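Engineer: Have a look at this one.
Every number in this text was worked out from the coordinates using simple rules, so none of it is lab data. Since the structure is predicted, the reported quantities are computational estimates derived from the model, not experimental observations. Ideal geometry is used to build each Cβ from the backbone, glycine not excepted, and the neighbour counts take in all protein chains shown.
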Amino acid sequence: MQVVSLSALQHYLFCPRQCALIHVEQVWEDNLYTERGNRQHQKVDVPRSEKRPGVRQEYAMPLWSESLQLSGKGDLIEFLKDGTPYPVEHKVGRKLKLADQIQLCAQALCLEDMFQRPVPSGALFYHSIRTRKEVEFTPELRQLTLDTIDQTRNLLENLLLPRAQYDERCTHCSLIDLCLPEAHQVFEPEDPCKPS
């Protein structure tokens, strides 16, 4: 079974074609948005431990789920007094997004597999507003996360490169010049079976 990286889930949810370009075709380009994210992550990408009153913090902690064949790295995992892990994912933006919640929930699934204990919630820390937003890992969010893992794995195992779709996401995508979504829209051959 194909191991799926936590970052691939985020890429898949943003755009399946972007996910395939990065994780199947192995291409990458930076832009203003990715550079901004890289700068913000420099603070949490260095593995280290810190202790605060009532909590131990582990930065850049490797995560793994044997049962889900999922791997990656948690920006920050806090261990509460009773030992419960609490994942905190750092994001540049300011708005709670479903893709961010799914990535965080996938981290929780890894932690549950690693420590054999429930992880009921975590947080997304948005740098732009210096605020943590707590996310409860509801049954619905867990199922959506498992479905996303399956869909991402299917794309990676089958080496799929989905068709380009030119829309508002493209203006923020660092791979726009490699993907050429606008050109694919213009030059896509007509489907002879499609009624006119």
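Engineer: Could you give the nm distance between label points at D177 and D45, where each point is 7 Å from its Cα heading toward the beta carbon?
Structural biologist: It is 2.0 nm.
Engineer: Please arrange T131, T145 by counting, for each residue, the other beta carbons lying within 10 Å of its beta carbon, fewest first. Spell out each step's value before the answer.
Structural biologist: Numbers: T131 11, T145 23.
In increasing order of surrounding Cβ atoms, one gets T131, T145.
Engineer: Related question: Take a quick pass over the chain and tell me how many lysine pairs come in under 13 angstrom between Cα atoms, counting only ones 8 or more apart or on separate chains.
Structural biologist: Details: K43/K91; K51/K81; K91/K133; K95/K133; K97/K133.
Lysine pairs meeting both conditions in the chain amount to 5.
Engineer: Same structure, new question: Considering Cα pairs under 8 angstrom that are at least six residues apart, work out the relative contact order of the chain and quote it in whole percent.
Structural biologist: On the way: 314 pairs, mean separation 45.8, N = 196.
Rounded, it is 23 percent for the chain.
Engineer: Another one. How big is Rg to Rh over the chain, alpha-carbon atoms, Rh as the Kirkwood inverse-mean-distance radius? It would help to have the intermediate numbers written out before the result.
Structural biologist: On the way: Rg = 18.3 Å, Rh = 18.0 Å.
A ratio of 1.02.
Engineer: Give me C173, C110 sorted ascending by neighbouring Cβ count inside 10 Å, so fewest comes first.
Structural biologist: Values: C173 20, C110 28.
Listed from fewest to most nearby Cβ atoms, that is C173, C110.
Engineer: Residue separation times 0.36 nm, minus the C-alpha to C-alpha distance between R163 and V3: what's the value?
Structural biologist: Values: separation 160, 0.36 × 160 = 57.60 nm, distance 2.36 nm.
Gain on stretching R163 to V3: 55.2 nm.
Engineer: Starting with the fewest neighbours, write out D167, D100, D82 ranked by other beta-carbon atoms found within 10 Å of each beta-carbon.
Structural biologist: Fewest to most other Cβ atoms nearby, the residues stand as D82, D167, D100.
Engineer: Name the chymotrypsin sites (Phe, Trp or Tyr not before Pro) in the range 79-172 that are in a loop by DSSP and that have at most 13 other C-beta atoms within 10 Å, would you? Let's see the in-between values first.
Structural biologist: Details: sites: F79, F115, F125, Y126, F137, Y166; in loops: F137, Y166.
Taking the range 79-172 and a limit of 13 other Cβ atoms within 10 Å, no loop chymotrypsin sites (Phe, Trp or Tyr not before Pro) are found.
Engineer: If you don't mind, there's one more thing I want to ask. Scanning the chain for GluC sites (Glu not before Pro) in DSSP loops with at most 15 other Cβ atoms within 10 Å, what's the longest stretch left with none? Please report the intermediate quantities before stating the final value.
Structural biologist: On the way: sites that count: E25, E29, E66, E190.
Longest run free of exposed loop sites: 67-189.
Engineer: Continuing with this model, one more query. What nm distance separates the two modelled labels at R130 and V92, each placed 7 Å from Cα along Cα→Cβ?
Structural biologist: Output for this residue pair reads 2.0 nm.
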